[in-house]
Amino acid sequence: MIGSARYWREIPQRYRYEAAKCAKCGRVAFPPRLVCAGCRGREFTPVKLAQTGVVETFTVIHVAPTGFGDETPYAVGIVKLDDGVRVTAQITDCETGKLAIGDRVKLEFRRLQQDGESGIICYGYKFVPAIG
Amino acid sequence: MREVAVIGVGMNRWGELWEKSHRTIWTEAALEAIADAGVDRVDAMYVGCMSGGLFVGQEHLGAMLADQLGMGPIPGTRVESACASGGLAFRQACLAVASGAHDIVLATGVEKMTDVDGGAATYALSTAADQEYECYHGITFPGLYAMMARDHMHRHGTTRQQLAAVAVKNHAHGVLNPLAQFPMKVTAEQVMESVMVADPLRILDCSPITDGAAAAVVVPLDMARQLSKQPPVRVAASAHATDALALHDRADLSWLASTAKAAELAYKQAGVGPKDLSFCEVHDCFTIAEIMVIEALGLAERGKGGAAAASGLTALGGKIPVNPSGGLKSKGHPVGATGVAQIRETVLQLRGACGQRQVKNASRGLTQNMGGTGASTVVHILERA
Amino acid sequence: MEVGIVGYGAYVPRHRIKVEEIAKVWGADAPSYKKGLMLREKSVPTPDQDTITMSVEAARHAVRRAGIDPALIGAIYVGSESHPYAVKPSGTVVAEALGATPEIHCADMEFACKAGSEGMFVALSLVKAGQMPYALGIGADTSQGAPGDALEYSASAGAAAYIFGREKIVAVCEDTYAYMTDTPDFWRREYQFYPRHAGRYTGEPAYFKHVLSCARGLMAKSKTTPADFRWAVFHQPNGKFPMRAAQELGFSKEKVEQGWLSPTLGNTYSGSSPMGLSAILDVAKPGDRILMVSYGSGAGSDGFIWRVTDHITAVQGLAPHTRAQLEDRPIYIDYGTYAKYRGKIRKLAE
Ligand SMILES: [Zn+2]
């Protein structure tokens, strides 16, 4: 399971969607990197991800990895945020059978996993259908 | 650089090998390859294994397996590139021979997957994806390929039936392979009605959880005939390419850029093109994977892999048979062993030793072994020497 | 100098269970429950929602309305009887999610259903004292009712968050009052999963005594009468109690209905009267005066008088309205799913 330090290190991304924009080519790295995947640039400015986007593809997980067994079936999708950045996350509060490519979704703060009954609770983002 | 040849191959019956341990499975395959080559020594060995640690709690495999083989103190190196570990171990063996560092090198792959339960196996496999930004969200490997499948279906019109056609064909091939884990025929209906794993992929779209190992003996081509009675098989190309680890970081979610790149490099090295191949052994970890792979290898047009798979093009007897061994789908997928087993099948095909599943007039074969959702690909082209 | 609410927000989970669905399982008479307690359905948190997640969402709505840099928030108080950790603060997670760390004071409050208003009370007081420009008070709960217990029909989930400040106030705090005694009407001992209560003793000597005394004390202190208020909101353990309290105090139904969420929301415990207040602020007009009285078992009530300012109209549309969330595409679940979501039944550990 995820230990405290490993969980804590990603808090700026998981809680606040902090990303890094390449000063040279403008590509946004989420999570931030030391080297730009687009141009190998090394200078970045901090940016915050857009919090709404469109479902590009998705699946509904019926056979889950350890720790997610209680939640099946659950949807996971790749969403293109309105700033063009793509992220993978669960899509929840929806009827999985009615989910479709192109659906508009927004980010919400949720519990992602927990280290058993006595370990730390890991928070982060999931997508939910956007109103309207 | 010296030219390289394969003079021996080995593999045991794959499946749920309850009575056999990781080291036993591996040693059986290694001994068979050494015996097949007829050599009396090995100068170095490589072992491809994705996760000895998570599946059996054992790392340090290079030393352990050299010892098990009674070959210590030869250098033993463990190679890891997720499900491409085996193909990459074979490539490292080829490079070691080509460079002149060693003459007789054993390339192997192994995975013992059934000592853990399904949830733990699913988790272990998922470590090939981005732990913090994919797996943290509960995604699985079938789930990632399911997202690729949905993208391919959405943008290229690939159908559920076309996915099923890949499973039907590979199981039909696997029936002819005595070492396959699931050598039974399946129908498209059975595939499409099987248990859902990650929508739209069902259990019969997925390669199984398998225990197994495979091995090959690699030597300099100019020493092959003096070292072995087996007809040497020349390694005409060995290529390796990578791509973004996380699927969401790829420009095209259902295009295997690392496979396309490795194939381009391999075709150039061998001086051939897709039309010059007699057959291919490819990484059909899921039905959709084979569809994307044949596109990236140039066997089908981009976006038309589904139609090509359903047309019979890639069946035994078709224009370019793909996975005459039954593929990962029917033969099994002990992840670290798969890439080496592809080499074994290709060598046997080129020797004309495949019995009922023999590709007619096989003279040149391509293997494609891929890690994760295609973040790494190893491609080899083998020819009759 | 005037202080008051500069930003507010609520969060309502989308899942619901109807009274009939619970009554069916326990052989109870649904129509009499619905009529007696004036409850129709209640919100249910999914397994990935808890006091922290709902607090974060409600607080984000509040920050949007306040239009402030979250780094200027000097304190966060999360009031709840269902903090996810027995030991480890909820407030620090909320602070981190808002981007309000590290120069901030955090404390988790607990006082049965009164923890939310007490967080508001302390946050407001710190701003009033000039200790900080902004402070955030949150009431949130994912409360549990034991299987088959009367509380199972009402215990629900929701959150409301209030940022207090001195500039761009949307509702000025005109007065506060608090009324507490030691009253063992409802409790949960350490290591116990479900709370217990003292049946009908929770009514007259507990809820009504404290709510009515607090409301009367506050009106006496501020020299006001029900006629001075456009709206009133009371703690809502069910649908019936707040309506009866309003009646006894002389507030017409029309003054309490907007903030009366319990018939379809249930009892959100620490979130209850704060969410009622947010529903009122969503529609309030400049100059409206609001009486708010919370209640927490054990027992006590916090009272506030709010006067809505001209600025309210500029912020009402900046985040989802409370009633809009309550009515937004509810997802109804059966008792089995509810029992699984609430941890009443569990799969064998992996
Ligand atoms: Zn760049």
Among C:GLY266, C:GLY148, C:GLY79, whose mean-square fluctuation peaks in a Gaussian network model of chain C (Cα, cutoff 10 Å)? C:GLY148
Prolate/oblate/rounded label for the stretch C:173-310 (Cα gyration tensor, a/c 1.5): prolate
When the Debye formula is applied to the Cα atoms of the stretch B:88-179, each taken as the same point scatterer, what base-10 log of I(q)/I(0) results at q = 0.13, 0.14, 0.16, 0.22 Å⁻¹? -0.83, -0.92, -1.04, -1.06
Give me a comma-separated list of calculated 3J(HN,Hα) values for the stretch B:196-202, in order, Karplus coefficients 6.51, -1.76, 1.60 applied at θ = phi - 60°, integers in Hz, x for any Gly or Pro. 6, 9, 8, 3, x, 8, 10
Any idea of B:LEU69's accessible area? Nearest 10 Å², probe 1.4 Å. 20
As an exercise, find the ratio Rg/Rh for chain C from alpha-carbon atoms, using the Kirkwood inverse-distance average for Rh. 0.95
What accessible area per residue, rounded to a whole number of Å², is obtained for the stretch A:1-48 using a probe radius of 1.4 Å? 63
Derived scalar couplings ³J(HN,Hα) [the stretch B:357-364; Karplus, 6.51 cos²θ - 1.76 cosθ + 1.60; whole Hz; x for Gly, Pro]: 9, 4, 7, 5, 6, 5, 10, 8
Going through the DSSP H helices of chain B, which span 24 Å or more along their own axis at the Cα atoms while scoring at least -0.5 as a mean Kyte-Doolittle hydropathy? B:335-351
C:LYS18: accessible area at probe 1.4 Å, nearest 10 Å²? 80
Per residue accessible area in Å² of the stretch A:50-132, where ligands, DNA and RNA are left out and the probe is 1.4 Å: 35
Under the Cβ-under-4.7 Å rule, which cysteines of chain A stay unpaired? A:CYS94, A:CYS122
For C:GLU248 and C:MET180 in the same chain, what is the full-extension length gain: residue separation times 0.36 nm, less their Cα-Cα distance, in nm? 22.5 nm
Distance in nm between A:ARG40 and C:ALA107 label points, each 7 Å along Cα→Cβ, equals 5.6
For the interface of A with B, what's the total buried accessible surface in square angstrom, probe 1.4 angstrom, rounded to the nearest hundred? 2900
Return, ordered by residue number, the residues of the stretch C:156-195 whose backbone nitrogen is under 17 Å from a label point located 7 Å along Cα→Cβ of C:ASP310. C:167-172
Sum up the charges of everything whose Cβ sits under 13 Å from the Cβ of C:VAL12, counting Lys and Arg as +1 and Asp and Glu as -1, but leave C:VAL12 out. -3
Could you pull out every residue, at least 5 positions away or on a different chain, whose amide H is within less than 5 Å of the one on C:ALA232? Hs are placed 1.01 Å off N in the peptide plane, and Pro or chain starts have none. C:VAL256, C:LEU291
Where does each of B:264-270, C:183-189, B:237-243 land if you order them by average Cβ count within 10 Å, highest first? B:237-243, B:264-270, C:183-189
Express in whole angstrom the spacing between the alpha-carbon centres of the stretch B:132-166 and the stretch B:77-114. 29
Ordering of B:308-316, C:53-61, C:228-236 by burial proxy (mean other Cβ atoms within 10 Å per residue, highest first): C:53-61, C:228-236, B:308-316
Peptide-level mean, for B:126-139, of C-beta atoms on other protein chains within 10 Å: 6
Relative pair counts by distance (%), Cα atoms of the stretch B:1-55, 10 Å bins: 18, 48, 27, 7, 1
Taking a cut-off of 31 Å, what percent of all Cα-Cα pairs in chain B are separated by more than that? 27
Return one quarter of the surface area of the convex hull spanned by the alpha-carbon atoms of the protein assembly as shown, equal to its mean projected area, in nm². 38.3
Using amide H atoms built 1.01 Å from N in the peptide plane, name the residues 5+ places from B:ASP211, or on other chains, whose amide H lies under 5 Å from its own. B:GLY15, B:GLU16, B:LEU17, B:MET113
Other chains' Cβ within 10 Å of C:31-40 residues: what's the mean? 0
Using a Förster distance of 22 Å, how high is the FRET efficiency between C:ALA28 and C:GLN192, based on the Cβ-Cβ distance and rounded to 0.05? 0.40
So what are the three principal axis dimensions of the stretch B:245-385 from its Cα atoms, in whole Å, longest to shortest? 43, 30, 30
For the stretch B:285-349: accessible area per residue (Å², 1.4 Å): 19
Which residues qualify? For C:ASP288, with a placed amide H closer than 5 Å and at least 5 residues away or on another chain, they are C:VAL308
Exposure ranking of B:LYS112, C:LYS128, B:LYS20 by accessible area [1.4 Å probe, largest first]: C:LYS128, B:LYS20, B:LYS112
Assigned charges on the beta-carbon of Lys, Arg, Asp, Glu; chain C dipole about Cα centre (debye): 680
Would you compute, for the Cα atoms of the stretch A:50-132, the largest minus smallest coordinate along each principal axis and list the three values in descending order, in whole Å? 38, 25, 20
Put B:GLU281, B:GLU32 in order of accessible area, largest first, probe 1.4 Å, and you get B:GLU32, B:GLU281
What part of the accessible area of the protein assembly as shown, given as a whole %, is carbon or sulfur when the probe is 1.4 angstrom? 52
Karplus-derived 3J(HN,Hα), 6.51/-1.76/1.60, for each residue of the stretch A:37-48, Hz, glycine and proline x: 6, x, 9, 6, x, 10, 10, 9, 10, x, 9, 10
If each part is reduced to its alpha-carbon centroid, the stretch B:1-66 and the stretch A:59-132 end up apart, in Å, by 40
With all protein chains present and a 1.4 Å probe, how do C:ASP310, B:ASP205, B:ASP249 order by accessible area, largest first? C:ASP310, B:ASP249, B:ASP205
Solvent-accessible area buried by pairing A with C, both sides, nearest 100 square angstrom, 1.4 angstrom probe: 2100
Considering the alpha-carbon set of the stretch A:1-48 alone, what are its Rg and its Dmax in angstrom? 12.0, 38
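The values are calculated or read from the model by the stated rules, or taken from the named source; none is laboratory data. The model shown is predicted, which means the values in this text are computed figures rather than measured ones. Cβ atoms come from the backbone with ideal geometry, glycine included; neighbour counts cover every protein chain shown. Keep in mind that these areas ignore ligands, DNA and RNA; they rest on the heavy atoms of the full protein, side chains included. Shrake-Rupley method; radii C 1.70, N 1.55, O 1.52, S 1.80 Å.
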